[in-house]
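First the structure, in the form of structure tokens, and then the observations on it.
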Amino acid sequence: MTESTKNATLSFDGKTFELPMFSPTAGPDVIDIRKLYAQADVFTYDPGFTSTASCDSTITFIDGAEGVLLHRGYPIDQLAEKSHFLEVCYLLLYGELPTAAKLEDFETRVTRHTMVHEQMHNFFRGFRRDAHPMATMVGVVGAMSAFYADSADVSDPWQREVASIRLIAKLPTIAAMAYKYSIGQPFVYPRNDLDYAANFLNMCFSVPAEKYEVNPILARAMDRIFTLHADHEQNASTSTVRLASSSGANPFACIAAGIACLWGPAHGGANQACLEMLREIGTVDRIPEFIARAKDKDDPFRLMGFGHRVYKNFDPRAKVMKQSADEVLDLLGVENNPTLQVAKELEKQALADPYFAEKKLFPNVDFYSGIILEAMGFPTSMFTPIFALSRTIGWVSQWREMIADPQMKIGRPRQLYLGETQRDYVNVEDR
Ligand code: CMC
């Protein structure tokens, strides 16, 4: 972070304060208000963090106006096309693309950690049999603190490294187990001869009763979905992980907090909500009715998979996802998939509508991902768990960056208090 030559000036009540500014390597300049309260006795007010940089980071950069997403400087479309998920994990964690030897070593380390403690199977069995896989994941990932206490001391860099590898390696196993449990099938152990995505598909779709061959093209599509969701700067779940970790809480508890936040329909839950919406629309002739509802101020309905806090242009991940949807459906021989038809026509009509154009609402990553996942055989309840397992690398990378920063402080926002001022207690008989 280099200090800019600029200062911002804040004036009120006849007093003037000079606020230093920082220049990032990309993106808008930042006004440093850290000493503002001490010097001026005022807070700033920004409830949805729309104008607040909550930290400095070197991991991911988004240019929302241009629709650009960079991981450690590399554009997401290049990574989705030329790289693969575990290489992207290495990049996010350690900052550079690995050499072949380093990648092999990293893949071996992750692969060696794919199994979960056998006793965790009992833990799963405590959930209701129809539990949503996200409910199970929040609980089981939090419970990793109990099973892997030997890597929960955040002050020890070696334990942080082990916890990182464990989380990246075990989340697919946990997500697949949550799925198997929800449909009453036996858990499938990981297979270390398969790559990361193929192993996940095998754990989800194979059964002991018959042979299951992972289709390599579907494994590649799965891997691309993981890559497209890997990290996304200081979004709600990542900020949740950072805030939870700022107290020194263990990484498993903090990632569980991130999963809980991701579940909401405004965030990771949008992929499930989007596919449900596309199904509800059903046929292209009903699209105008739903567009009208999305525009109606008195109707809480929103077009799911549309709009983004940061992107005011195409979400670059949505472009790759749309192309992937075509490829996967083509491969599976699904011609004229009605959901894909509705999605494409809805996108066309919404983009041509002045409401969406004026508010700069474009399809986001969740708009097409559900169509691919459904075609692969996943029920909608698995969409957000897949997002969670993909985003784990982002959460882990951001957590490590924060913990390693010597300037780290506990996150403690202030408030604009609008409640009663001090008053005296009134006895119940006098109220
Ligand atoms: N459909 C209809 N109107 C919308 C939509 C939408 N999907 N999204 C935003 N708007 C309108 C909104 O009503 C508001 O209008 P006005 O200015 O007249 O009050 C304006 O656009 C700005 O919306 P906002 O809610 O103030 O914007 P935000 O940055 O707080 O919200 C969002 C961003 C993603 C929560 C929102 O666009 C949304 O709810 N989208 C649908 C859910 C979704 O697809 N979420 C996935 C996001 S990408 C993946 C992820 O982050 O997990």
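The values are calculated or read from the model by the stated rules, or taken from the named source; none is laboratory data. From a predicted model like this one, the values you see are computed outputs, not experimental measurements. Every residue, glycine as well, gets a Cβ built from its backbone with ideal geometry; the counts of neighbours run over all protein chains shown. Calculation scope for accessible area: heavy atoms of the full protein, side chains included, ligands and nucleic acids excluded. Shrake-Rupley method; radii C 1.70, N 1.55, O 1.52, S 1.80 Å.
Quick one: would you say Ala135 is surrounded by fewer than 22 Cβ atoms within 10 Å (Cβ to Cβ) and over 20 Å from Ile386 (Cα atoms)?
For Ala135, the condition - surrounded by fewer than 22 Cβ atoms within 10 Å (Cβ to Cβ) and over 20 Å from Ile386 (Cα atoms) - is not met.
Are any of the residues in region 336-354 within 10 Å of the ligand (Cβ to nearest atom), closer than 19 Å to Ile372 by Cα and either in contact with a helix residue (DSSP H, G or I) (Cβ under 9 Å, 6 or more places away or on another chain) or without any contact (Cβ under 8 Å) to a residue 60 or more places away in the chain (or both)?
Looking through region 336-354, none of the residues is within 10 Å of the ligand (Cβ to nearest atom), closer than 19 Å to Ile372 by Cα and either in contact with a helix residue (DSSP H, G or I) (Cβ under 9 Å, 6 or more places away or on another chain) or without any contact (Cβ under 8 Å) to a residue 60 or more places away in the chain (or both).
Quick test for you: out of Gln349, Gln398, pick the one residue that is modelled with pLDDT of 95 or more, open to solvent by 10 Å² or more (accessible area, probe 1.4 Å) and polar (S, T, N, Q).
Values: Gln398 fails: open to solvent by 10 Å² or more (accessible area, probe 1.4 Å).
Answer to the selection: Gln349.
Assuming Ser324 fulfils every condition listed in (1) among the polar types (S, T, N, Q); (2) farther than 15 Å from Phe367 by Cα; (3) surrounded by 15 or more Cβ atoms within 10 Å (Cβ to Cβ) apart from one, which condition is it?
Unmet condition: (2).
Please go through (1) open to solvent by less than 20 Å² (accessible area, probe 1.4 Å); (2) over 28 Å from Gln234 (Cβ atoms); (3) touching a Leu at 6+ places or on another chain (Cβ under 7 Å) for Gly370 and return the number of the only condition it doesn't satisfy.
Single failed check for Gly370: (2).
Of the conditions (1) in a helix (DSSP H, G or I); (2) open to solvent by 10 Å² or more (accessible area, probe 1.4 Å); (3) of a type in the set (Val, Ile, Thr), Ile393 satisfies every one except a single condition; which number is it?
It is condition (2) that Ile393 fails.
Mind telling me which of the residues Thr58, Thr9, Thr2 ends up being over 21 Å from the mean Cα position of the chain (by Cα), modelled with pLDDT of 95 or more and among the hydroxyl-bearing types (Ser, Thr, Tyr)? Don't jump to the end; show me each part of the working.
On the way: Thr58 fails: over 21 Å from the mean Cα position of the chain (by Cα); Thr2 fails: modelled with pLDDT of 95 or more.
Residue meeting the stated conditions: Thr9.
Looking at (1) outside any helix (DSSP H, G or I); (2) over 30 Å from Gly333 (Cα atoms); (3) hydrophobic (A, V, I, L, M, F, W, C); (4) free of Cβ contacts under 8 Å to residues at least 60 places away in the same chain, which one does Val154 not meet, given that it meets all the others?
Failed condition: (4).
If you take the residues in region 240-276 that are polar (S, T, N, Q) and buried (at least 24 other Cβ atoms within 10 Å of the Cβ), which one is nearest to Ile393 (Cα to Cα)?
Only one residue fits best here, namely Ser245.
In region 205-219, what count of residues is obtained for those that are open to solvent by 80 Å² or more (accessible area, probe 1.4 Å) and under 26 Å from the mean Cα position of the chain (by Cα)?
The total comes to 2.
I'm trying to understand the selection: among the residues of region 239-263, which are β-branched (Val, Ile, Thr) and either more than 13 Å from Gly411 (Cα to Cα) or touching a Lys or Arg at 6+ places or on another chain (Cβ under 8 Å) (or both)?
Pass one, region 239-263, residues β-branched (Val, Ile, Thr): 240-241, 255, 259.
Listed by number, the residues that qualify are Ile255, Ile259.
Could you say whether any residue in region 402-422 is within 14 Å of the ligand (Cβ to nearest atom) and either in a helix (DSSP H, G or I) or at pLDDT 95 or above (or both)?
So the first thing to find is which residues in region 402-422 are within 14 Å of the ligand (Cβ to nearest atom), and the list is none.
Checked region 402-422: no residue is within 14 Å of the ligand (Cβ to nearest atom) and either in a helix (DSSP H, G or I) or at pLDDT 95 or above (or both).
Evaluate the following for Ala236: is it more than 17 Å from Leu167 (Cβ to Cβ), crowded, with 20+ Cβ neighbours inside 10 Å, of a type in the set (A, V, I, L, M, F, W, C) and within 11 Å of the ligand (Cβ to nearest atom)? Steps first, please.
On the way: more than 17 Å from Leu167 (Cβ to Cβ): yes; crowded, with 20+ Cβ neighbours inside 10 Å: no; of a type in the set (A, V, I, L, M, F, W, C): yes; within 11 Å of the ligand (Cβ to nearest atom): yes.
Considered against the rule, which asks whether it is more than 17 Å from Leu167 (Cβ to Cβ), crowded, with 20+ Cβ neighbours inside 10 Å, of a type in the set (A, V, I, L, M, F, W, C) and within 11 Å of the ligand (Cβ to nearest atom), Ala236 comes out as no.
Take the residues of region 277-312 that are in contact (Cβ under 8 Å) with a residue 24 or more places away in the chain, within 9 Å of the ligand (Cβ to nearest atom) and part of a loop (DSSP other than H, G, I, E, B): which is surrounded by the most Cβ atoms within 10 Å (Cβ to Cβ)?
Residue satisfying both the conditions and the ranking: Gly305.
Can Met321 be described as within 8 Å of the ligand (Cβ to nearest atom) and either more than 24 Å from Pro338 (Cβ to Cβ) or modelled with pLDDT under 95 (or both)? Lay out the reasoning, then the answer.
On the way: within 8 Å of the ligand (Cβ to nearest atom): no; either more than 24 Å from Pro338 (Cβ to Cβ) or modelled with pLDDT under 95 (or both): yes.
The answer is no for Met321.
For region 61-100, which residues satisfy the criterion of being open to solvent by less than 20 Å² (accessible area, probe 1.4 Å) and assigned to a strand (DSSP E or B)?
Selection gives Ile62, Leu69, His71.
If I filter region 30-45 for residues that are within 27 Å of the chain's Cα centre (by Cα), without any contact (Cβ under 8 Å) to a residue 40 or more places away in the chain and not in a strand (DSSP E or B), do I get at least one hit?
Checked region 30-45: no residue is within 27 Å of the chain's Cα centre (by Cα), without any contact (Cβ under 8 Å) to a residue 40 or more places away in the chain and not in a strand (DSSP E or B).
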